[in-house]
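Following: one structure in structure tokens, then a few remarks.
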């Protein structure tokens, strides 16, 4: 579990900590929530990398869990990483009502109506006769990666009992821009820098934002989405500068 | 998810509902908790049946999820069944502090210090040079099946803010007796009645209560454990008669 949760950009944890800071949430509770979302993210990667799913042998520059150990271990490691996320949320020093709300939102974001549904749609698309179109890809990504981004960015207001709407709008733009950038990296990226296999999508004949829109229009759309995400932060003024930088980072990153 | 959660004895749900009734917990909240524990149990079966784990193709008299669909689906179905359990607990109509306690206990019982640790030990034992001895088997079973039994039987007092100790003692005896009965059924049982493959343990050369104690001593130990479980219910008097019957049922069942 420790191996699987190591490394990575910690972008989701960063979103939790920044959104918590904007709402004066106690750092200890914010750290529990940040650790929880990274555990959920790590669980999803371990299971996604399994031979029956994406069959990846490299993740964050290291052998995936089922390669380093075996498939049974990878299944159980993913299972227990999901559980520990809920353990950390349930044990957080936080008003109990807001904590229950945070847990409920996590379950909705991660489960069969959120991330896992997105993964199931993704797998179904691989064997479908007709490739996904742009609205379908947008829906898939909103579920598969967007739901956890939204949970992360809204954790602060939820823990503080404040309105999560501005940060939810920020997360929607950020999540989609992040995914477009991922599709671009799969084409232009370098395995040594990204720490994962590249060129997978084209190899699999998979519909992506780039294959559907073309490279330059996709890049322009990502820029527009980041601008909208930054605009959503208006109510927070200069305090949200870190989040604006993060949004610009996701489309300029090389890994 | 619906297919995987169908059928079964609903023993864990029954324990939740009975322990809730003993503590005057509102039926709606008790039903949420009962559904949650059955979802966790179903998730554990779906993943346990995978080719990389126990590789079973029959469960509750029907093809297992990865046989009826495929492995990717079975992984995701198990993942989302775990998540929905936490969703139902988090959404239950219950005092928020007690709800957080119930969720925390679920995570501890199901995760890497509970059920999943038990499964990992079970898999490790299969390839170990030396078979497990009786104290090791007891520890393994206390984790693998005992932790969820304890959660179920103590859900009532936890939801009511009462002392869970008597029902925890009941669950410990019940859980171990249940496992011994399972080992006996694997030898004496009938595939048509149990709805799952039998004779697996002996085939795998696996240490069980029966292989370590012998058939009749194992049966006597199960009876003693059930008597102790029933004795633990003393504070509840005649109100706990259903739970006593359930304890007697687990060692007389044919499936």
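Read the figures in this text as sums done on the coordinates, not as results from a lab. The shown structure was predicted, so the numbers you read here are calculated from the model rather than taken from an experiment. All Cβ positions, glycine included, derive from the backbone under ideal geometry; neighbour counts span all protein chains shown.
How high is the relative contact order of the stretch B:122-255, in percent, counting Cα pairs under 8 Å that sit 6 or more residues apart?
Once normalised by length, the contact order is 29 percent.
Per 10 Å bin, what percent of the C-alpha pairs of chain A does each bin hold, from zero upward?
Histogram of Cα-Cα distances, whole percents per bin: 7, 31, 38, 21, 4, 0.
Tell me the distances, shortest first, between residue B:203 and the same position across the other copies, using label points 7 Å along Cα→Cβ, in nm to one decimal.
Label-point separations across copies, in nm and ascending: 3.7.
Report relative contact order for the stretch B:2-252 in percent, whole number only (criteria: Cα-Cα under 8 Å, sequence separation at least 6).
22
Identify which of B:102, B:134, B:148 has the largest mean-square fluctuation in a Gaussian network model of chain B, with springs joining Cα atoms closer than 10 Å.
Greatest mean-square fluctuation among the candidates belongs to B:134.
Can you name the residue in chain A whose Cβ lies closest to the A-to-B rotation axis, and give that gap in whole Å?
Nearest Cβ to that rotation axis, in whole Å: A:96, 2.
Taking a point 7 angstrom from the Cα of residue A:239 along the C-beta vector, which residues in the stretch A:29-54 have backbone N less than 16 Å away?
Correct set: A:30.
Assign one of three labels to the stretch A:1-51, namely rounded, prolate or oblate, based on the Cα gyration tensor with a ≥ b ≥ c the square roots of its eigenvalues; rounded applies when a/c is under 1.5, prolate when it is not and a/b is larger than b/c, and oblate otherwise.
Prolate, because a/c is 1.5 or more and a/b exceeds b/c.
If eta is 1.002 mPa s and T is 20 °C, what Stokes-Einstein diffusion coefficient results for the protein assembly as shown, Kirkwood Rh from Cα pairs, in µm²/s?
89
Run the helix sum for chain B: -39,500 (n - 2.57) per DSSP H stretch of 4+ residues, divided by residue count, reported at 222 nm to the nearest 500 deg cm²/dmol.
Dividing the helical sum by the residues of chain B leaves -22000 deg cm²/dmol.
Where does each of B:159, A:106 land when they are ranked from fewest to most other beta-carbon atoms within 10 angstrom?
Least crowded to most crowded, the residues run B:159, A:106.
What are the label-to-label distances in nm, one decimal and shortest first, from residue A:97 to the same spot in the other copies, with labels 7 Å along Cα to Cβ?
So the distances to the same position in the other copies read 1.4 nm.
Just rank B:194, A:64, fewest to most, by other beta-carbon atoms within 10 angstrom.
In increasing order of surrounding Cβ atoms, one gets B:194, A:64.
Give me A:97, B:208 sorted ascending by neighbouring Cβ count inside 10 Å, so fewest comes first.
Going from least to most buried by this count: A:97, B:208.
If each label sits 7 angstrom from Cα along the C-beta direction, how far apart, in nm, is residue A:67 from its counterparts in the other copies?
Distances between equivalent label points, in nm: 3.3.
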